[in-house]
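For reference, the structure is listed below as structure tokens.
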Amino acid sequence: MSAASLKLAVVAGEVSGDLLGGDLVAALKRRHHGPVELVGVGGEALEAQGLRSLFDYSELSIMGFIQVIKRLPKLLGRIRQTADAIIAAKPDVLVIIDSPDFTHRVAKRVRKALPDLPVVDYVCPSVWAWKEYRAQQMLAYVDHVLAVLPFEPAAMQRLGGPTTTYVGHRLTVDSNLVETRRKRALRGLGDADVLKTILLLPGSRASEIRQLLPVFERATEELSRRNNNIRFLLPTVPKQEALVRSLTANWQLKPDIVVGHDAKWSAFAEADAAMAASGTVILELGLAGVPVVSTYKTEWLAKFVLSRIKIWTAALPNLIADYAVLPELINDVLRPGMLARYMERLSSDTPERAAMLAGYDLVWQRIQTKEPPGDKAAQIVLDVLAHKKTGHR
């Protein structure tokens, strides 16, 4: 006898969240054994599982105070639209995935209208980094948090937030990462006179690309003056290809630009070292075993709130290892000459490279789980739903 239909509301605001949502829904379908009906917002991965997104979720992929302010009226409209659609659908459970500026506002509105609806937050917001008071505020509209970083459950407990479980990081079961690690293990590091490959990863958003590429350009010029055996490889996403090609058109030494998901992982397999925008890609590089320097340039307005950030580092490998595995160059400290010299040391057989790779091994060990993240997340969603049905919050 098949199980009753499960109506799941799901809201994902970016590509990474959409991928998590796709894995979660696929695992729910395997465990539930009955129809799973979806309502909400997402992208290709969730649509492949049957979601008809309320609108194109790429509208939510914005970064920086100025962009948010410019688009605030439309964002507020999308929050109302999403919440109203979920309230009207009366789902069995709501799963919000990352993008807390959007998803949490949706959850608050839904919880006010449907106070008994179970709400699960997949990807812990960075309350451990800044605005710690948000952890306790979440108690009003989130029943359980699914963390993708191993230190987050302890942080949420310390801050008095909702029950939080580490379910694992999607990267650990990503076939591209596994294959890249295998290729790099076979490849090793070439001799000093062999052509070195330096990755340039200025980010996936136009604002960070415009901020970082001029610095990367000057770093490549200095590297080229000091070395004659270096090539530069720049992976980018399709929607930013035109911008990247425009900004690099007049470089003295043009990078090889590759486009798309598969091309990025192939580039990781070839790389000797990388300079990259701060973000998830730093963890990807760390787990792939590519020595990297994390870089970031904030908008002028964002500099005024830096003092509110409580965490000692923005690099995820550093947070997971609990020590400085890799360097971070931010704002005035982000200097082309510094980047160039780091690339020289990290792309050669040096103590600096060996120390970073040893740190990566520790990160890899700490991030492992016994079962795939999507499966563990799905079981918790079903458990939360069951507890709600029996009268437990």
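The values are calculated or read from the model by the stated rules, or taken from the named source; none is laboratory data. A quick note: this is a predicted structure, and the numbers were derived from the prediction, not measured. Reconstructed Cβ throughout: ideal geometry from the backbone, glycine too, with neighbour counts over all protein chains shown. Areas reflect the complete protein model, heavy atoms only, side chains present, ligands, DNA and RNA absent. Shrake-Rupley method; radii C 1.70, N 1.55, O 1.52, S 1.80 Å.
Things worth noting here:
- Selection of helices (runs of 4 or more DSSP H) fully inside the stretch 134-245 by the criterion of at least 1 residues being more than 25 Å from L357 (Cα to Cα), free of Cβ contacts under 8 Å to residues at least 24 places away in the same chain and in contact with a strand residue (DSSP E or B) (Cβ under 8 Å, 6 or more places away or on another chain) returns 152-158.
- Of the residues contained in the stretch 280-294, one or more are found to be more than 18 Å from the chain's Cα centre (by Cα), in contact (Cβ under 8 Å) with a residue 24 or more places away in the chain and crowded, with 22+ Cβ neighbours inside 10 Å.
- Residue check for A354: within 30 Å of H32 (Cβ to Cβ), among the small types (G, A, S) and at pLDDT 95 or above: no
- You will find that of V127, V173, the residue that is within 19 Å of L20 (Cα to Cα), touching a helix residue (DSSP H, G or I) at 6+ places or on another chain (Cβ under 8 Å) and either open to solvent by 30 Å² or more (accessible area, probe 1.4 Å) or at pLDDT below 95 (or both) is V173 and no other.
- Only residues that are closer than 22 Å to I97 by Cβ and of a type in the set (D, E, K, R) were counted across the stretch 352-393, and they come to 6.
- All positions within the stretch 247-274 that are open to solvent by 80 Å² or more (accessible area, probe 1.4 Å) and over 23 Å from L287 (Cβ atoms): N250, Q252, K254
- When the stretch 80-99 is filtered for residues that are buried (at least 20 other Cβ atoms within 10 Å of the Cβ) and not in a loop (DSSP other than H, G, I, E, B), the ones remaining, listed by number, are T82, A83, I86, V93, L94, V95, I96, I97.
- Residues satisfying the stated conditions in the stretch 37-49, i.e. touching a residue at least 24 places away in the same chain (Cβ under 8 Å) and either assigned to a helix (DSSP H, G or I) or open to solvent by 50 Å² or more (accessible area, probe 1.4 Å) (or both): E37, E44, A45, L46, A48
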